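*Asks:* One structure, pasted below without further comment.
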């Protein structure tokens, strides 16, 4: 979580404070938390939101925040992120491979070749409504198969945004 916070605030001490405060608040609200649900995504979102609030409140939209990555810490967290990213890519590939052939074809054309629905419909000689339905089915399948990886997805998306 500190690694995530550092990516936002670019200050290790502030990042540690944000993470500590997040865990303190989580501890205070422990009775309201459902133990059967994953806490990781909640913590990740809370840390991200606290970082964004810190940036807003301290108006640090300067070169230190938006500029170079001089405070970027390369550590075991980066290695863990890369391992998680590889694992996630494998899981995505497997999940896409499980789709029915036509559904997979439509999804790949939409998401990986960036074709518009009408272009896919024209290329495959099907209706635009069929394309919409197939993409929707594919996304629903992926959401179900990748639900345990939402925390990893968020971290990777946030890291790629910076």
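Throughout, read-outs are computed from the coordinates displayed, never taken from laboratory work. No experiment lies behind these values; they were computed from the predicted model shown. We place every Cβ from the backbone using ideal geometry, glycine too, and count neighbours over all the protein chains shown.
*Asks:* Which FRET efficiency value, to the nearest 0.05, is calculated for residue 88 and residue 133 with the Förster distance at 35 angstrom and r the Cβ-Cβ distance?
*Replies:* Efficiency for this residue pair is about 0.85.
*Asks:* What ranking do 92-103, 32-43 get when scored by the average of other Cβ atoms within 10 Å per residue, highest first?
*Replies:* Numbers: 92-103: 13.2, 32-43: 11.6.
Those peptides, ordered most packed to least, come out 92-103, 32-43.
*Asks:* Subtract the Cα-Cα distance of residue 148 and residue 30 from 0.36 nm times their separation in residues, and report this length gain in nm to one decimal.
*Replies:* Taking 0.36 nm per residue and subtracting the Cα distance, the gain is 40.3 nm.
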